[in-house]
Amino acid sequence: MGSRRVVVIGMTRAGKTTLICAMIDHWLNHPNGDRLHFRDGDRLICHWKHPVSEGRRHFEASRVRFCDGRWPEKSLKPMNYQLNWRFASQKKVIGLKFRRSFQTIEIADIPGERMADIEMFVCKSMREWSQQVVHKFRTNFITRQYFGEFDQLLSQSADVDGQAAWFASLEAAYRRFIAKLISKNHPLVTPSSLLIDRNGEYVPKSARGSVEQLTAWLENEAHLGLSTDEKLFPLPEALLNTDFGQSMEKTYHAYVKKVARPSLSDLVSAEDVIITVDVAAILQEGPSWKNFTDYFLGKVADTLKPSGPILHALKKAWNWISYLGTAGYHKPRTVQRVFLVSTQSDRVHDRYQDSLARLVDSLKNHGLKTLINSGNVHVEAFPVSAVLSTVCDESTMQYRHKDMNGIQDVVIPACEIPIEFPDDWASTAYKFPIAATKMPRNEAIPSVQRNLDKLSQSLLQ
C-alpha cells in the first residue's frame, strides 16, 4: 500500500475547509452519482482509513454546518484527513478485471492564521525576522497607514535607564497596530499567537462581542509571543544586543520550535500542495490585497523551492537510501506538484470564468515564479468552486443570502472582471456575492461543483 500527502494552505477566509470537505464528500460518494467525473472505465472506491478519527469527525461536523447554510468551525490547529482509495477497473483484459491496490491519501489543513508566521521558515534569527516584518508592513499601502506610530518608535534611542520604557512603548504600539489590522480583517498578523495561542486556543468569545472589546483584549491580554512573559515583536537594532534583545532572541527560537514549525512542518513534507486564493476578494479589496497575495505566494515559493539540480538529485537519492534502509517504512517525500486554485469561483458570473482563469494564472506566474523556474516542481493554476451556490442567466446572478431573518434568494447584476489585473483600481469597482453554502442534506449525494473533478483527477492518480 502506497501513500501520498497533500497539504492545503491559504490565507484566512480563502475557502480551504470548504474545498477539503467538498472534495472528500465527492470521493466518498462517487459511486452513487456522476457529479464528479473521473477517467473512463474506472470506478472510485474510497473510505476512511480509520473509522474513528478526528479528521472524520471534523468533516462530518463541517458537512452538517454547510447543509444549514453556515460556514464550518474555524481550524485552530493542523487537521489531518486520511482516506484509502482505489480505482476498480470496469475493463476486462483476457476476461479478467485488474484492480489497483488500495492507496492512502493524507490531506493536511494548516490554519490560515499560522501562515502569517511563514517568514520564520526563512529568517534564521530575531534580527532577520524583525527586519523582514518591518519592511513588509512599512512598504504596503494598507499597513503603512497604521504602522507610523511603531515605525517612529523604532528610530528613537534610549540610554540604559530608559530601555525598559522604550521596550514597553514598542510593545504597546505594536499591539495597537496589530489590533487595527485585525479589525480590518487583514490576513498576515504575526506572531499568529495573538489570534491562536500556542495551545490552539482562539480569541475568547467574551472578546468578540464588539470591535472595542476585541481591541481591548488584543492590546492588553492576548499573547504577543509564547506567553505573557515571553514576548515576540520586531525590535530596533539598538535593542537587539541588550538583555531585552537577547531574551527575545531565545523566545524567537522557542516560538519557531514550539509554534511555527509544528504548525507548518507539513508544508515541507508534502508531495502535493494546494494553495487557495480568492480572486474575487482581491478585486474587491484593491491593489494592496493583490500585493499581499503576491507576497504570501512568494514566501510559500521560497519555503517550497527545491535546491539546485545537483543538490536536488542528491536529496532524492538520500531519501531513497533511507527508504530502502527502513524496508520502506519511511517513504521519500519531496514537493512534486503545486496547485494554485481560486476558490469560490461561483462568486464570478459564468460568462467571465475565462477571465477568472487568466487572473489566477497571472498570480501563479508572478507569485510562484521561483518554483516554476526551478524546473523540479509542476505548478498549475485554475479556478474552482467546491460548492456551486449561484445560478446565472445572461446578465444576473441568483444566490442564497443569509442574515438575521434567515436565508433568502437574492438577484444581482453580473459584475464584469478584467482579463488581467489593472495598474490600479478602487476597491469599490467590483462587487461579488457571498453566498450561503448549499449542500444536499442527503449525505449520499455530494454538492454540485466546478473544476473539483480536475483537481481530484490530479490528486488521485
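Dividing the helix sum by the residues of the chain, where each DSSP H run of 4 or more adds -39500 (n - 2.57), gives a mean residue ellipticity at 222 nm of -11500 deg cm²/dmol.
By per-residue mean of other Cβ atoms within 10 Å, what is the highest-first order of 142-155, 400-413, 55-68, 281-294?
So the order, starting with the most tightly packed, is 281-294, 55-68, 142-155, 400-413.
How high is the FRET efficiency from residue 145 to residue 88, r the C-beta distance, R0 41 Å, rounded to 0.05? So the FRET efficiency works out to roughly 0.10. The slack between residue 380 and residue 183, meaning 0.36 nm per residue of separation minus the straight C-alpha distance, is 67.5 nm. Start at zero, step by 10 Å, and the Cα-Cα distances of the range 163-257 spread as 16, 49, 29, 6, 0 percent across the bins. Inter-label distance, residue 254 to residue 168: 2.2 nm, where each label sits 7 Å from its Cα along the C-beta direction. If you take the beta carbon distance between residue 227 and residue 74 as r and set R0 to 22 Å, what does 1/(1 + (r/R0)^6) give as a FRET efficiency, to the nearest 0.05? The formula returns an efficiency of 0.50 here. In this structure, the residue pairs whose Cα-Cα separation is over 32 Å, taken from 49/438; 49/290; 184/454; 49/77; 49/250, are 49/290; 184/454; 49/250. Shape descriptor for the chain: Rg over Rh equals 0.98 (Cα atoms; Rh from the Kirkwood inverse mean 1/r). Here the range 110-193 is treated as an ellipsoid with the same Cα gyration tensor; its semi-axes, largest first and in whole Å, are 23, 16, 12. Measuring nothing but how far apart in sequence close Cα pairs (under 8 Å, 6+ apart) lie, relative to its length, the chain scores a relative contact order of 19 percent. Most simply put, the chain has about 55% antiparallel DSSP beta bridges, counting only bridges with both residues inside it.
Modelled label positions at residue 334 and residue 156, each set 7 Å beyond Cα in the direction of Cβ, lie 5.1 nm from each other.
Under the simplified labelling scheme, the residue 43-residue 402 pair shows an inter-label distance of 3.5 nm, with each label point 7 Å from Cα along Cα→Cβ.
Where a number appears in this text, it was derived from the coordinates with a stated rule and is not lab data. The model shown is predicted, which means the values in this text are computed figures rather than measured ones. Quick reminder, even Gly has a Cβ in these numbers, built from the backbone with ideal geometry, and neighbours come from all protein chains shown.
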